[in-house]
1. How far is the Cα center of segment 198-258 from the Cα center of segment 97-130, in Å?
2. Could you tell me how many cubic angstrom of Cα convex hull volume segment 133-240 has per residue?
3. Among the helices of the chain (complete DSSP H runs), which have Cα atoms covering no less than 24 Å along the helix axis and a Kyte-Doolittle mean of at least -0.5?
4. Keeping the other protein chains in place, figure out the carbon and sulfur percent of the accessible area of the chain, with a 1.4 Å probe.
5. Could you work out the local net charge near Tyr479, counting Lys and Arg as +1, Asp and Glu as -1, over the other residues with Cβ closer than 13 Å to its Cβ?
6. For Lys85, Lys141, Lys449, Lys103, write out the residues from largest to smallest accessible area, computed with a 1.4 angstrom probe and no ligands counted.
7. Taking the Cβ of Phe271 as the centre, find all other residues whose Cβ is under 9 Å away and add up their charges (Lys, Arg: +1; Asp, Glu: -1).
8. So what is the accessible area of the chain per residue, in Å², with the probe set to 1.4 Å?
Amino acid sequence: MADHSTVPTESCLASPGPSTAITRRSLLGGTGIAVGAAVLASPPSMPGFAPALAQPVSADARPLDAAFKHRAFEVRGVCASNNEKMPIAPHPTNGDEARYTNKIGSDSRGLPHDKRGEVEAEAWQTLYAACQSGEPADFEKIRLGGTRKLVNPLGTLAVSLSGINPTQIGIPPAPALASAERGGEAVEVYWQSLLRDVPLTELRDDTSNRDVLAATEEINKLTDFRGPKSGGRVTPGTLFRANALYFDAGDPKGRSVTPPGVLDGPLISQFLLRDAPYAAQWISAQVRTVSPANEFLTDYEEWLAIQNGAAPKRQLQFDATPRYITTGRDLAEYIHTGPALGWAAALILATPGGGADKRYSGIYPPGEPVSYPSNPYRKLKTQVPAGATFGLQYVQALLATGISNSVRAAYWQKYFVHRTVRPEAYGALAHHRLANGVSDYPLHDDFLKSEALARSKAKYGTYLLSQTYPEGAPFHSTYPGGATSVGAVTATILKAFFDESRVITNPVQPDPADPTKLVPYSGPPLTVGGELNKLAVNFGFGRNWAGIHWRSDASASMAIGEEVAICMLRDERATLREPFDGFSFTRFDGSRVTI
């Protein structure tokens, strides 16, 4: 992985502002914390042994205790003060909510709708009022149209005790309903629905798969498409690969980048193709998949019932034989219910390799540490890390907290800023426009005249977008993607603790002829950092394969998850006592950061 400029930070990178320097003296509360001499008691069988209860107890706190207490108070105060000084970020929107009085550009699923699928105005107003006030009582006044409920809006208002507030993270506005960019994203997601069962190994530049080539050709003709390219063009090797989107005051559409490693090798991360050792157990990399017959919401009455909040009447049909993630449909089902993919990746990295049974082994031998070179325990001669700091349990605790914090940040944008239309509702606008002659739904011609839409209509009989989940998308808006924020915070935390420059040994990919087996991958080297970036985008973009998200949803959330992790690590750095140069890793835009 190429070197990039290093940006030292005491504050969160995407939210610049004044900060209070955290010095060594301030962290120690102005007092050194010395380790007192250990008192070794004689074993009970030895003469002269006195029970501990017989020893006098001093009412005065030891200097060590007082210094520790003071340091804890001061560190918490400095972190809180630094975080409070970060400004509230800009929160531009695409204007669709004000532009369309019938709210066709906004997410209204779960509320009551008329026969055309347009939300009832009074019901929308109850949602809007709650999103303006943030009051629990107002959310309880929202008029729902069925039995399903909105997903966790009040959870976004919880105060995170590590890192910054969701209002301090900015993302660009979502593409507007009538824009060429949204039309291009619709073409892409319709092609993904059509290619769900094509082996992902066909997404390579020398493929002969006619459908992959047709998708590539059409996406290259789009007026505005922001996905990764090679030589200025989308190729089969870059098709459906991921990008990250950062807020940029100089560009209303934001700054789009391709994270290092996501274009290298198989589309699926190596961390999703390896069994994860779990002490005396192991977690299989094979997954339960669903059959190609699982296509939902292409019937209009079924679609409308789901829009109104009804529970799905049909259920998934699963394949009997588990297999490795081989197709877009497999990936969509893998991330359907939020697997602990970061947990498994941490186990793979932190567990020593070399055992006779590979299921219980990591990927690097004990003599080849995969921890980041600045890890203080690489230099300490008398100590090893454990659950308190730098051990596996410590990393796992940060992952769990980071996941919750990143979801808060992403969901806050969904409810309190953007409320953007989902792909499944956009598809219904196309259906009414083309099948029922509704002329006032302003969708871009790049989509309305696309081969992807025509093929989908021929396959399903309507212009609705096929979904792999019987319930469609969760009941909150599409932008930004919550799942991608989870993947991004996970990858960032793991890059901070493990050496991202290490090359993955013996890379593999599923055998397209027999997905229950793996075959060697041969090609450019794959690194830990690149495959963690790929892990992040697999988690988010897998939902695009399901039909429930746009490209921009996932791209913007990459920056959200990364920012949440950076700010958490900044606070965490202040708490540590080890001699430590700081967390250092490569961001999704290729720059280096040291915390």
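The values are calculated or read from the model by the stated rules, or taken from the named source; none is laboratory data. This one's a predicted model, so the numbers in the text were calculated from it and none came from an experiment. Here Cβ is always computed from backbone atoms with ideal geometry, including for glycine, and neighbour counts include all displayed protein chains. We work out accessible area using only protein heavy atoms, side chains counted, and drop any ligands, DNA or RNA first. Shrake-Rupley method; radii C 1.70, N 1.55, O 1.52, S 1.80 Å.
1. 33
2. Looking at segment 133-240, the number lands at 211 Å³ per residue.
3. 392-413, 528-546, 551-575
4. Numbers: 13950 of 25180 Å².
After summing per-atom areas, the C and S share lands at 55 percent.
5. On the way: positive: Arg182, Lys414, Arg419, Arg422, Arg543, Arg551; negative: Asp96, Glu97, Asp107, Glu181, Glu185, Asp553.
Its environment carries a net charge of 0.
6. Final ranking, largest accessible area leading: Lys449, Lys141, Lys85, Lys103.
7. Numbers: positive: Arg274, Lys534; negative: Glu531.
Overall, the nearby charge balance is +1.
8. Working: 25180 Å² over 595 residues.
In whole numbers, the chain has 42 Å² accessible per residue.
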